[in-house]
Amino acid sequence: MPLLKHLCQLLNDSSFGTLVRESDYAYNIIESVHVLSITLVVGTIAILDLRMLGAILRPIAVTRIARAVFPLTWSGFAVSFLSGFLLFWAESAKMYTNPSFRIKLILLALVGLNPLIFHTTVYRRVHEWESQHVTPWRARAAAIVSLTLWGGIIIAGRAIAYF
């Protein structure tokens, strides 16, 4: 048995994994918290992405929006990560073979690379372009990639229940 599959089985068979999975309420509560926290993450990111696309809040500087939403984004991400890990712990044996879960993990890795690349390139010169009527094409491209990846993550996350 591969090491990763073995670790998944250990988590799944642990007393905590069993408790969450077999509880009348725990799994549902954790899943609700996970969905709400993802909503916070994606909602705040979408505000910034849509601003960079010029679809909303054009008169407001990108940096001002970023300063306002990033604390909420990071808080939502922390809760989402923790609740997602608890859900994984409870059903890790099933998740190991679930194609939707694997796709979601790949998309999460890609969506993590997108802001890393964006913030180390285009965003470094944000003060030069944030007040322009049209943002640079690379900023718009990063916003489109971000919205697309987050949409894919939501779809893959929802599909986990069906595989």
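Miscellaneous remarks
- Helix axis angle, 99-120 relative to the chain longest principal axis, alpha carbon, degrees: 30 degrees
- Residues considered: Ser37, Ser23, Ser92. Largest GNM mean-square fluctuation over the chain, using C-alpha springs under 10 Å, is found at Ser23.
- Between helix 26-52 and the chain: long-axis angle, C-alpha atoms, 0 to 90°, nearest 10: 20 degrees
- For the chain, the longest principal axis of the C-alpha atoms and the axis of helix 137-159 are separated by about 20°.
- Distance histogram for the chain (every C-alpha pair counted, 5 angstrom bins, percent rounded to whole numbers): 1, 9, 15, 19, 16, 12, 10, 7, 6, 4, 1, 0
- Note on the stretch 61-156: along the principal axes its Cα atoms extend 50, 24, 20 Å, ordered by decreasing extent.
- Separation of the Val134 and Arg102 label points, Cα + 7 Å toward Cβ, nm: 4.2 nm
- Over the chain: helical MRE at 222 nm, DSSP H runs n ≥ 4 each giving -39500 (n - 2.57), nearest 500: -26500 deg cm²/dmol
- Rounded to the nearest Hz, the phi-derived 3J(HN,Hα) couplings of the stretch 122-130 under the Karplus curve 6.51 cos²θ - 1.76 cosθ + 1.60 (θ = phi - 60°) are 4, 5, 4, 10, 4, 5, 7, 10, 5, where x marks glycine and proline.
Every number here is computed from the coordinates shown, using simple stated rules; none is lab data. As the structure is a prediction and not an experimental result, all values here were calculated from the model. With ideal geometry, Cβ positions are generated from the backbone for all residues, glycine too; neighbour counts draw on all protein chains shown.
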